[in-house]
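Please treat every number below as a calculation from the coordinates, not as lab data. Keep in mind the model is a prediction, meaning the values are calculated, not measured. Methodologically, a virtual Cβ is constructed for each residue, glycine included, from the backbone with ideal geometry; neighbour enumeration extends over all protein chains shown.
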């Protein structure tokens, strides 16, 4: 049971509220991407020290609906307050929502007024890269509403806004993708789903070779492990951060959907086979730790599109923030396994059922800014 964000897309279509705003970036990408240049930029692993976490208090009634919206906002505030116990949190908020956000997040979270369409900072925010010499930059990956599935006129500007707030330079690219589609070990290896990035709704005409070349240039990669993912089953077309994550170089934590009726059952079996046979950039065979999703969830927000999986956790300074779904056995197993993988961090489980009902998770709502 690891289904994801089909809910948001469906609700928009039914309400007549789906507004697509194509951009030139969505139609002009060709296989002639930026030629790699000599540089030392690389994307650190999420477990490296953070300067802060970026979030967005961006849920709206038009997307989330009148019934779900208040609890989604409370979920966002809970995530922000929990992370703020361990590192600074800056949260974007519309001016009209400022008073409510301040009431919910309390004094520990910094609120920054900005325009946005939705709450998924992992996908809309800057992807930060650094150098060994203390440099930091932000990449804008030309967000296009997960392939023109949702209105994104404001969200396409979030990456630039965050970069400006963080006082970092921008690195440009013609690639269109989201941060949730990329997981790195910080030592030259990435795990990426083909269904998301090698998709005509993002990068028409871009070959895998060209895509690899550009990603290696931008993120300091030497090797990409491609997982097939799955197209069209959720709004993201199968983001990596619901399937597999690096716990540290050489160690991957991966999800398995044991429900044979789920579309993710066969997909996760394929992914595990690929990962167990894979090596990283250093040639080392990966150790794969499997965490199954829960078999039951609480009834309050249950639906066929509920995102019930533990892989979408977030690693912050001294902690790992993980969902719990009311399945005591599965919740505890996930916590025990993650505690073993991150022994120096506190594993904190929280209820984010309303966000999960919208097909997302904790990781989806966050974006780390590395400390240099």
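For this structure, a couple of remarks:
- Considering only beta bridges that DSSP places wholly inside the chain, some 40 percent are antiparallel.
- Rounded, prolate or oblate (a/c below 1.5 giving rounded, otherwise prolate when a/b exceeds b/c) for region 157-201 by Cα gyration tensor: oblate
- Residue-averaged 222 nm ellipticity for the chain, from DSSP H runs of 4+ at -39500 (n - 2.57), nearest 500: -8000 deg cm²/dmol
- If you sort the three axes of the alpha carbon gyration tensor as a ≥ b ≥ c, you get a/c of 1.5 or more for region 96-188 and a/b no higher than b/c, which makes it oblate.
- Pairwise label distance in nanometres, residue 258 with residue 113, each label 7 Å out on the Cα-Cβ vector: 5.1
- Rounded to the nearest 0.05, the FRET efficiency derived from the C-beta distance between residue 344 and residue 287 at R0 = 22 Å is 0.75.
- Here the spin labels are modelled as points 7 Å beyond Cα on the Cα-Cβ line, and at residue 318 and residue 48 they lie 2.2 nm apart.
- Expressed to the nearest 5 percent, the antiparallel share of DSSP beta bridges inside region 204-325 is 55 percent.
- Summarising the strand pairing of region 260-372, around 45 percent of its internal DSSP beta bridges are antiparallel.
- For region 245-364, the square roots of the Cα gyration tensor eigenvalues, ordered a ≥ b ≥ c, give a/c of at least 1.5 with a/b no greater than b/c, which places it in the oblate category.
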